[in-house]
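Beneath this line is the structure, given in structure tokens, with notes to follow.
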Amino acid sequence: MLLEFYSGKKIVITAGPTYEKLDPVRFIGNYSTGKMGYAIAEELANIGAEVHLVSGPVHIKPINPNISLYKVESALEMLDVCTKLFPDCDIAIMAAAVADYRPESYEGFKIKKSADELVLRLVKNPDILATLGSRKKPGQLLIGFALETNNEIANAKEKLVRKNADAIVLNSLNDSGAGFSHQTNKITIILQKDIIFEYPLKDKQLVAKDIITCISENLKN
């Protein structure tokens, strides 16, 4: 079933964090390791999909030689690559933890410690999932990820509609062993029409199989 559904399909996947530079030695980022996105990429490549992996700065590398890797650092760089790849893809899975904000300005030299306080002005990064959702064509599938700390289901449902996605994979930092910096994850997949699938804590490679199985069984593109 999986092989029949995915073989030959062009799939764009994002993974890892983004780093938003303050100066040559500092950045704003998060704790994402990229393990979830990379696991999904490996599972799909292993069953014959044409995988294009857009990765923020992480310490892992793809195993399957058929994965096309695009290394980026910032949210703007990730957006640029995704918008170029998206028009010709069948499925986009946005698993990256993209920084919501970036410094308004970049200092070309290291910021020196001087005053007792340093005030940083941040500006909002573009929303990659919403951007792709606004450009989604009939036949394309768009899968988003959400990491929540409260009102998890309600927030994920709202995100699903507002960003014109076909599914949201929800992680909660309230679940022990889930989220960043773990080899395991615990997810809930939310589809349109209030269809919800909950999964127990598993190794991220098994979680990746759950995600791609849920897509193939419940979403037709």
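Assorted remarks:
- Among the residues making up the range 28-48, a single one is in a loop (DSSP other than H, G, I, E, B) and of a type in the set (A, V, I, L, M): ILE47.
Residue-by-condition table, conditions (1) small (Gly, Ala, Ser); (2) touching a strand residue (DSSP E or B) at 6+ places or on another chain (Cβ under 9 Å); (3) at pLDDT 95 or above; (4) over 19 Å from GLY37 (Cα atoms):
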residue	(1), (2), (3), (4)
LYS163	no, yes, yes, yes
ASP166	no, yes, yes, no
LEU173	no, yes, no, no
HIS182	no, no, no, no
ILE190	no, yes, yes, no
ILE195	no, yes, no, yes
VAL207	no, yes, yes, no
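- Selection count where residues are touching a Leu at 6+ places or on another chain (Cβ under 9 Å) and either surrounded by fewer than 19 Cβ atoms within 10 Å (Cβ to Cβ) or not in a strand (DSSP E or B) (or both), scope the range 3-27: 5
- Being of a type in the set (Val, Ile, Thr), out of contact with any Cys (no Cβ under 7 Å at 6 or more places or on another chain) and modelled with pLDDT under 95 is a condition met by at least one residue of the range 32-41.
- Residue count for the range 181-203, restricted to those that are assigned to a loop (DSSP other than H, G, I, E, B) and surrounded by 14 or more Cβ atoms within 10 Å (Cβ to Cβ): 4
- Residue pairs meeting the criteria (Cβ under 8 Å; at least 6 apart or on separate chains; first within 22 Å of PRO17 (Cβ to Cβ), in the range 144-156; second in a helix (DSSP H, G or I) and among the charged types (D, E, K, R)): GLY144/LYS159; ALA146/GLU152; ALA146/LYS159
Residue-wise test of (1) touching a helix residue (DSSP H, G or I) at 6+ places or on another chain (Cβ under 7 Å); (2) farther than 23 Å from HIS52 by Cα; (3) not charged (D, E, K, R).
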site: ARG102; (1), (2), (3): yes, yes, no
site: GLY108; (1), (2), (3): no, yes, yes
site: SER114; (1), (2), (3): no, yes, yes
site: VAL161; (1), (2), (3): no, yes, yes
site: ASP175; (1), (2), (3): no, yes, no
site: THR184; (1), (2), (3): yes, yes, yes
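- Test result for ALA75, under 20 Å from ASP166 (Cβ atoms), in contact (Cβ under 8 Å) with a residue 12 or more places away in the chain, crowded, with 23+ Cβ neighbours inside 10 Å and of a type in the set (A, V, I, L, M): no
- Residue that is farthest from the chain's Cα centre (by Cα), among those in the range 163-173 that are among the aliphatic types (A, V, I, L, M) and either within 18 Å of ASN185 (Cβ to Cβ) or in a strand (DSSP E or B) (or both): LEU173
- Scan of the range 116-160 for residues that are over 18 Å from the mean Cα position of the chain (by Cα) and of a type in the set (D, E, K, R), ordered by number: ASP116, GLU117, ARG121, LYS137
- Pairs where the first residue, in the range 203-221, is farther than 15 Å from ASN46 by Cα and the second is outside any helix (DSSP H, G or I) and acidic (Asp, Glu), C-beta under 7 Å, 6+ apart: LEU219/ASP166; ASN221/ASP90
The values are calculated or read from the model by the stated rules, or taken from the named source; none is laboratory data. Just so it is clear, the model here is predicted, and its values are computed rather than measured. We place every Cβ from the backbone using ideal geometry, glycine too, and count neighbours over all the protein chains shown.
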